[in-house]
Structures are given as C-alpha cells and as structure tokens.
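Each remark here refers to the structure printed beneath this line.
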Amino acid sequence: LESHLDISVDDTHVKLVNFGYDYCQDQDVASKSLNLQVFTSKAGGLCVCCSLASDIPDEITYSIHFLHKGYNKTFTVSLERTESHQLKEVAFMNLDNYVAAYLPGQFLHLLNIQHPDLLCHSLFLTGEDARIDRLQNCCIRSPLMSTVLDCHQGNMYAVSISGSALLQLLQNSKQDSERLAALHCALLYFEHTDNLEMQIIWWISENLSTCHSFDPIQEFIIASLYCRMCPETHDLHKLLPYTSLLDWIGIIPGVTCTTDIISIPMLKFQNSKGFWEKLNSNLESVKYAEPHLHYHNNVLRREWQNLSEEDFCLFINQREERRTTAYLRNIFENAKKVLSHLDSWNSEERLAPLFQEEDYQQQLLMGLMVSQLKDHLMRHLQYVGKKKIDQIVLDYVANLLNLVHRIMKEVWRRYQLHSCIFCFDERGSTGEFAVFHIMSRILEAATSMCMPLPPGFHTLHLGLGVRCLPLHTLLHYIDNGVLHLTETCVWKVLKDLDNTEKNEKLKFSIAMRLPEALGQKVHQFWNHPINANLIAQKYVKLLLEKLGSRKCGRPVPERLSVPVEFLPLNYLTNVLAEIENEGVDPYEKQDHVNVRFVEETALRHTMTLLGIKYS
C-alpha cells in the first residue's frame, strides 16, 4: 500500500510492442462485450471473473466464479458518485491469494481466493482508501500474477498488497468488516515478524471493547496457528481451522452479495504436479464437504464436561497411588509431552509465573486437545504416518500456549508491569487494571473455544484481581468463574497479609470459597482462628447432614473442663454428640476435630466478637 492505498505499484515498468491490434479503435465494441478473466493462485485456486457494463448509472455488478470451491459470488455495488468521464468497467487483478475488483474513483474489492466463504474475510474499500495513483482513469488487465497492464499506455506494473498500509488501515478503520478482513490478511498472508505480531497485539489490547461481531483474541490465535502449522504438511490447511467464526451476519455498506452453487470442473490427468495437483486436491475436498473436515472443539468440549469435578479431584488426590484409569493417565502424559516440547524450544525469558507451576485443570485440557486433534488428523492424513502426526499435534498445542504467552508478554511490556503484582499490601495501578481486563478477555476467549491456557495463568490473573478490585467485585468474579482460586495465590494472600479487619474479611471470604481439594490443604496447615472457625462450621454442617430423622438416646458428650451454661451451644453440642456416637465422623484423619473442638472454637469466636479476652 502506498500511504493510504491498498495496492502498491512498482515504479519499474515494461513497454510492450503492439503487433497491429489497435485497442482504441475497438473500444466501443469492447465496452459492450463481456469483461472476463481467468486467474489461478499458487495454492491451487481457479477463478473466473466477469463483469458487464450496467445500464443503471449508480450501480455495477460483477461475479467471481470460485471453481476450486464449487460456487460463485455475484456482487452488486451502489456507486457513491458517477461522472461522465469516469470508467464504468471493473478491472480485475490477480494478487495470488486475492483477486482485486477495481473501479477507479469508486472502490477496490480484495476478494479472498483461499477462504472466500465469509464476506468479512474480503476487504472492500471506497474513497481515498481505494485510490491507486498510477492506475487512475485507465483501462487495465492482469495478464500475469501480481502484474497489471495499462492498455492505453502499454505499460506493465508489478502490484502487491502492502503490509504497512494494511496495519494502518487496521488502526484507522471503525468497521468490523474492514478490521476483520485486514487482520485476517495480515495474519495469514504476511511473514510473522516480531514487529508485526507486536503491532497487532497492541491493536487488540486497545480495541477489545470496540469489535462487536468477532473476538480479535480468538481470531489472532486461530489464524496465527493456521499460518504457522499449514506449511508443515500438504493438505493440513484443509483440516485445521483458519478462523474463529462459524458464520458472519454483518453487512458491507453499499454491497449486496448472492451465492450460487456451480458444477465442479472435471479434470483427468496423471502424475500431476504443482498447480494442477493442488487444484485437483481442492476439488476433491469440495466433493467431501470441506467445512466439515476442519477440526472443531465440539467433541473436546463434551469430553471436558464429562470429566466431572469429583473424578478430577480423585485423580489429583490419588495420582501417586496409581488408582486412576489408564485413559486419564494417558491424557496427563500428553500434557507433559506438550510442556516438555515447549521447554525444548529456545524461547525467551518467560513471564512469571506462566509455565512455572502445576495446573492440573489446564493440563487435563491440554491432554484432551492432543488426543482429540490426533484422532482427527489420523482419519484424514494416514499417509503421513503416526510419528509425523504426533509431532504436528505437539507443535500445534505448544504453539497455542506460546501465542497466549506472547500476548501476555507484549501487554506486560506495554504497561511496564513487574513482579510486584504478588505484593498485596498496596492497590494496583491503572496499567495493572488494564492488563487484568485484557486477561479476563483472554480467559473468555479461551473458555469459548475450549482452549487450554498456560499453567500459571489463573495465578497471575487472581493476583491482579486481588490488587485491582474492591472486595465485593473480587468475590463476584470468583463466584462467577472469572477468577479461579489457585494454591499459589491463595497461600500468598493468607500468609502475607496482616490481620487488619479489612484483610481478615478478605481471607475469610476467600477461604470460604476454596475448592474441596485445595480447602483440605489450607485447613490442615493454616494456623489461624479463621481456619478453626471454618473447620468447625464445616464439621457441624457435615454432621447435621447425617442427622436426618434418626432418633436415639442422648449420651453426655465430652465437654470442656469448665462447664459453660450457654443453652444454644449446649443443645447443639448434645445433638452433634448423638450423631458422632453413631460412628459418623467426617474428619476421621483429623483426631482433634470433634464436638469438643466445635464447642471451644464457637466460644472463642463469640468472645472475640464481644471483645472479651479468652484465657
């Protein structure tokens, strides 16, 4: 792109020799004839582009027949303004991955050849954004890929899409359709340099709340994975998703589009190579309904939901005893391979605490994704071999985790954050709150796609939440699953914060919400009056749940050495003793937790609230 333009034209040109044909003499005839061109792409695309001059002064129609996809799209464009000297014939240009439909002074339509299904992946520009200085008010043809011929002057130019202008358009555009098309083009068809990824991530961090018809985080991760993985193996591009969208219901202002199914070309040849081999492969995919070949997370999500929290906790508590199923052991072995594979890369210093702690929930999801994706590829790429598929799957999941880490690191760098997020004695900065918001959107995107996150992500997220959010908002986020309580962060909060009234309230609120497995660890080792209160409350709850309607005698329970005449407490301890004497003991492994412990804890807590010193 030149400045605001979407097509850059090389200054180098070639003067053509005319062998007798006078284009100007036949201009009247040409204006009434069919404007038709046939284009191919390196990826095996075959397109027929045609346009007829329209009798309606403010409207123009053109069609692109995507023969390698089995359908054509017909576009009708309402022109913004028309002048008598302006051309009314659309010029088509072959840009390899795109076909450009260009009407000087009106519009420039970059149509995605490889992924033409959704209109939002093709870029439609008008006004100054569609201006190409050297190709104004001239009749052009595209005889070769990435070249155009000025039929009036006989000059031939090299044309290409400019990455810098594409990023400028991404920054300046306010329309979702333009943003998504520019983002898709930049991610799939340009080399992924550190600078390109940085600029895109910075744009994402600024526009999370302004993109309404798509999630830029999801699109960045899925499209980047597609671009990185597809060169590894032939036909892999048909099996991996290239976009996070299943459908798009938005509109392009001034453009209407109709889609029609067309007959698939019949090709007969032997030992085809290069373009013809790729075209034949594309046509075969159409026969087998290509969209259904792409990997989806539906099966993964069902499997993830089927593994209940109870079974998962059982696995964590008993993993050393090898009492879990072979299936779960295999899943976690897959996750270990991914993390080991990631560690073997020559990666830059990682953002603490990502990849520095165990997160069994995320490892479970990693292992499931490896298993499901491997099964998917084995069904369609058997000729590649099991060893190669194993490597592809490990690369895919490891790259996924690395992309999330890349987003985090760029955002961390932009807002100049450091490790102080685990110091809870002061409130978070404006930059920390911005990063917390971005992490919340990353979590939302990952949850929607059933995508694993790097181990340690939830610890980092919770740490920022404790620093940035007021208590009621923090608890609301925890209760609604936005924040996940992790052992690392919870221990840090419980041990590092002093016992002011505000901090006591925070500790108690978090301790009340701990998952079962983590709660048992905390209750066992945290020596604090709040912990004693929680243990007593839970013990009472578990005993009362066992009471039901059973009737029995009332033995005298073991009481404090100094009797306390407090009727509500006396009654409660008698009832609990009845249940306890029936052999119901929820805390068999903790001998000190019994009715006497409950009675003593209740008295201590009551006297503390009344301001009475307990001896």
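The values are calculated or read from the model by the stated rules, or taken from the named source; none is laboratory data. Everything quoted here is computed from the prediction, not taken from an experiment. Glycine also receives a Cβ, built like all others from the backbone with ideal geometry; neighbour counts cover every protein chain displayed. Keep in mind that these areas ignore ligands, DNA and RNA; they rest on the heavy atoms of the full protein, side chains included. Shrake-Rupley method; radii C 1.70, N 1.55, O 1.52, S 1.80 Å.
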Give the number of residues within the range 205-229 that are crowded, with 19+ Cβ neighbours inside 10 Å and either of a type in the set (F, W, Y) or under 26 Å from G431 (Cβ atoms) (or both).
11
Kindly provide the set of residues from the range 383-409 that are part of a helix (DSSP H, G or I) and farther than 20 Å from P452 by Cβ, ordered by number.
Y383, V384, K386, K387, K388
For D343, indicate whether it is over 24 Å from the mean Cα position of the chain (by Cα), over 30 Å from S285 (Cβ atoms), modelled with pLDDT under 85 and assigned to a helix (DSSP H, G or I).
no
Look through L167, L144, L123 and report the one residue that is under 37 Å from the mean Cα position of the chain (by Cα) and in contact (Cβ under 8 Å) with a residue 40 or more places away in the chain.
L123
Return the only residue of L144, L188, L119 being open to solvent by less than 40 Å² (accessible area, probe 1.4 Å) and in the same structural domain as T259 (by the TED database).
L188
Specify which of the listed residues (S371, S308) is open to solvent by less than 50 Å² (accessible area, probe 1.4 Å), of a type in the set (S, T, N, Q) and at pLDDT below 75.
S308
Filtering the range 584-609 down to residues that are over 12 Å from I535 (Cβ atoms) and at pLDDT below 65, which residue is surrounded by the most Cβ atoms within 10 Å (Cβ to Cβ)?
D585
Scan the range 171-215 residue by residue and report those that are in a loop (DSSP other than H, G, I, E, B) and among the aromatic types (F, W, Y).
F190, F214
In the list S263, S272, S244, which residue meets the criterion of being more than 34 Å from the chain's Cα centre (by Cα) and at pLDDT 85 or above?
S263
Residue count, the range 245-263, condition open to solvent by 50 Å² or more (accessible area, probe 1.4 Å) and of a type in the set (A, V, I, L, M), comes to 4
Please determine, by comparing only the residues of the range 122-141 that are among the acidic types (D, E) and more than 30 Å from L246 (Cβ to Cβ), which one is least open to solvent (accessible area, probe 1.4 Å).
D133
Candidate set from the range 513-529 (those that are assigned to a helix (DSSP H, G or I) and open to solvent by 60 Å² or more (accessible area, probe 1.4 Å)); member that is nearest to L474 (Cα to Cα):
E516
Taking the range 474-504 as the search range and keeping residues that are loosely packed, with under 13 Cβ neighbours inside 10 Å and in a helix (DSSP H, G or I), which one is farthest from the chain's Cα centre (by Cα)?
E501
All strands (runs of 3 or more DSSP E) inside the range 35-152 with 1 or more residues being touching a His at 6+ places or on another chain (Cβ under 7 Å):
46-52, 71-78, 98-103, 107-112, 123-126
Odd one out for M378 among (1) surrounded by fewer than 21 Cβ atoms within 10 Å (Cβ to Cβ); (2) under 17 Å from G456 (Cα atoms)
(2)
Name the single residue, out of those in the range 32-71 being open to solvent by 60 Å² or more (accessible area, probe 1.4 Å) and within 15 Å of A91 (Cβ to Cβ), that is modelled with the highest pLDDT.
V38
Please go through the range 500-529 and pick out each residue that is under 20 Å from D425 (Cα atoms) and at pLDDT 75 or above.
T500, E501, K502, N503, E504, K505, L506, K507, F508, S509, I510, A511
If you take the residues in the range 416-457 that are of a type in the set (D, E) and surrounded by 14 or more Cβ atoms within 10 Å (Cβ to Cβ), which one is modelled with the highest pLDDT?
E444
